[in-house]
1. Can you name the residue in region 303-317 that is over 14 Å from residue 412 (Cβ atoms) and in a loop (DSSP other than H, G, I, E, B) and, of all such residues, is nearest to the ligand (Cβ to nearest atom)?
2. Please determine whether any residue of region 229-238 is over 16 Å from residue 155 (Cβ atoms), without any contact (Cβ under 8 Å) to a residue 40 or more places away in the chain and either within 26 Å of the chain's Cα centre (by Cα) or surrounded by fewer than 19 Cβ atoms within 10 Å (Cβ to Cβ) (or both).
3. Going through region 385-427 one residue at a time, which ones are touching a residue at least 60 places away in the same chain (Cβ under 8 Å), surrounded by fewer than 19 Cβ atoms within 10 Å (Cβ to Cβ) and either more than 14 Å from the ligand (Cβ to nearest atom) or within 22 Å of residue 302 (Cβ to Cβ) (or both)?
4. Would you confirm whether or not region 505-515 contains a residue that is under 18 Å from residue 624 (Cβ atoms) and either within 16 Å of the ligand (Cβ to nearest atom) or in contact (Cβ under 8 Å) with a residue 12 or more places away in the chain (or both)?
5. Exactly one condition in (1) within 28 Å of residue 422 (Cα to Cα); (2) away from the ligand (no atom under 15 Å from the Cβ); (3) in contact with a helix residue (DSSP H, G or I) (Cβ under 7 Å, 6 or more places away or on another chain) is not met by residue 502; state its number.
6. For the condition touching a helix residue (DSSP H, G or I) at 6+ places or on another chain (Cβ under 7 Å), away from the ligand (no atom under 16 Å from the Cβ), in the same structural domain as residue 434 (by TED's automatic domain parsing) and at negative phi, what is the one hit in 377, 320?
7. Take the residues in region 335-374 that are part of a helix (DSSP H, G or I) and within 12 Å of the ligand (Cβ to nearest atom), then tell me which one is nearest to residue 406 (Cα to Cα).
8. Would you say residue 602 is more than 33 Å from the chain's Cα centre (by Cα) and touching a residue at least 60 places away in the same chain (Cβ under 8 Å)?
Ligand code: NAD
């Protein structure tokens, strides 16, 4: 075995050269790996005893992608392009031996090899789209040449990892070799192709698989149409498709030029910048400066949930899915039965869609027990309360829990707004009390705001942060304040949306602007979905808000087909003339002179106060970092990922511009727009949030 460089070895076994990369953790294409590949292949080619070359990786995976820490830095070592040329133009067959994941640049290297073999557990993929990019090392040009345009489009626009079997079926992998015997299998394969005098397959020269799509623009048009909703607002999926079109319709070198141009456009644009920052921000959110990684954690073997309503059921499902037994407690048998039936129904619906087996449903339900008394939770390691949002009830529940649940167990509240310190004070163990704020539907939404009380222990924080990961959530640590990070900022947007509608806009104008910005729906469509009558009672209703007026008129939202919008049987929404009149009347009663409001003003008034509130949250230390705020909004409120989150967006617009607008609005409309001291300071110092 000869060492080519610190991360590459070359050994010659008879007539086969084996080039082995060993660059932990994932053999990413760093300068060292690229140099090693280039030199190693050249050395093997120069050795007359060598008839074929196997490229294989040590450790847990084949090359799993580019080294993204090199992005944006001056290039070093051999370029990927040079390495690929060396491999593809090699005069001896090069076989990629794949285990783990061949992703992004890793698969693009494998595509320049003349053959590919893989173990059954291996996966291939081009996930660049998830970072707002496209595979920029020939992936979009070579992939369709071996799998065809349609499969290639699916792979590059979804970024999905394709298993070895499916890869072999589509021609991406030439042979599957026995698990655990990749090296031997690849060497045998290499000898065989030499013995059989199989050709030096240069993918760039193939075209048969693309014939089906040539001269058929409808294939691309149909694909765009079928995925329009999923791709809405994103540039990268569209650019990936254009590259595949170029591969089909242009000679290889021309197609490569298209790929390069579109890649550079994405790479230097704000969408990919946003998506790459989000990638790192999510990892960063898991790090709590004063809670080191080695903080001891509490084993969570059994979980209790109090309240089997909207949230309690969804919360329970997260743990059942992770194989953790759950006991759920309600006040009355019928509420308990209803709550448990909803959980079963949710699982059965998933099974109907083929995403769970009937046995999975029973396994999960088998982990669930119900009870009507808090004493059923005595031996739980973690209890999450999800009862009504009233401080008196929460304090009563926590006071009683404290007496029945074993010492050392964590007591958590799913409160949306209430003071976790006050709840903790109702117990004799405030250091074991924490907020776990799930989002609706709790079994689906990825966000978990983890609310740190003044006395919450580090071990409890470390445990809950770790648990978030276990149940596939992104945990973000936040401080105690009204509405924490997410709802506190949402309140800003909601207030402005309501004001705009009285001042001159219509609900559908506000919704359209926010939808076009990239949110899945606007605040009024959202209100209709949630129900206009949440928290409303006929007895106390005094026509004092527009919402009260609408509820009094029998408008309850989507559930009765009448909300801010009118709904047909298929729940298609149309603006309601009745609501329009109600708005005009209500505004007149308030003495408001309605005016024309531009889309620009709608957007700025809904979004800039959120950025400003985010700055206040940072100033008060209620979030650890600006990127944590972005993670909250991306995962809990549908902020479009290609816009990076509110704080990223503030940077993008320019904090000086945001501040100037806030000051202008403040002069016109008062202190709802009072700039935060931090925002002013950052502008004065020319700083950015991220
Ligand atoms: P819900 O009304 O749907 O459910 C509350 C359940 O708690 C009811 O089934 C009720 O019978 C039960 N309950 C009340 N008192 C109880 C007690 N003493 N012991 C046992 N069970 C009791 O309410 P929800 O929407 O699930 O909200 C629950 C909590 O979650 C609230 O604090 C709320 O602010 C918070 N939350 C709600 C949402 C949401 O979108 N609905 C989102 C995040 C957080």
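1. Taking region 303-317 first, the residues over 14 Å from residue 412 (Cβ atoms) are 308-310, 313-314, 317.
From the residues that got through so far, the ones that are in a loop (DSSP other than H, G, I, E, B) too are 308-309.
Values: 308: 5, 309: 2 Å.
Filtering region 303-317 for residues that are over 14 Å from residue 412 (Cβ atoms) and in a loop (DSSP other than H, G, I, E, B), the one nearest to the ligand (Cβ to nearest atom) comes out as 309.
2. The answer is yes; a qualifying residue exists.
3. 408
4. Within region 505-515, the first condition is being under 18 Å from residue 624 (Cβ atoms), and the residues that meet it are none.
Looking for residues that are under 18 Å from residue 624 (Cβ atoms) and either within 16 Å of the ligand (Cβ to nearest atom) or in contact (Cβ under 8 Å) with a residue 12 or more places away in the chain (or both), one finds none in region 505-515, hence no.
5. If we test residue 502 against (1) within 28 Å of residue 422 (Cα to Cα); (2) away from the ligand (no atom under 15 Å from the Cβ); (3) in contact with a helix residue (DSSP H, G or I) (Cβ under 7 Å, 6 or more places away or on another chain), just (1) comes out false.
6. Numbers: 377 fails: away from the ligand (no atom under 16 Å from the Cβ).
Answer to the check: 320.
7. So the residue we want is 374.
8. Details: more than 33 Å from the chain's Cα centre (by Cα): no; touching a residue at least 60 places away in the same chain (Cβ under 8 Å): yes.
For residue 602, the condition - more than 33 Å from the chain's Cα centre (by Cα) and touching a residue at least 60 places away in the same chain (Cβ under 8 Å) - is not met.
The values are calculated or read from the model by the stated rules, or taken from the named source; none is laboratory data. Model, not experiment: these values are computed from the prediction. All Cβ positions, even for glycine, are placed from backbone atoms using ideal geometry, and neighbour counts span all protein chains on display.
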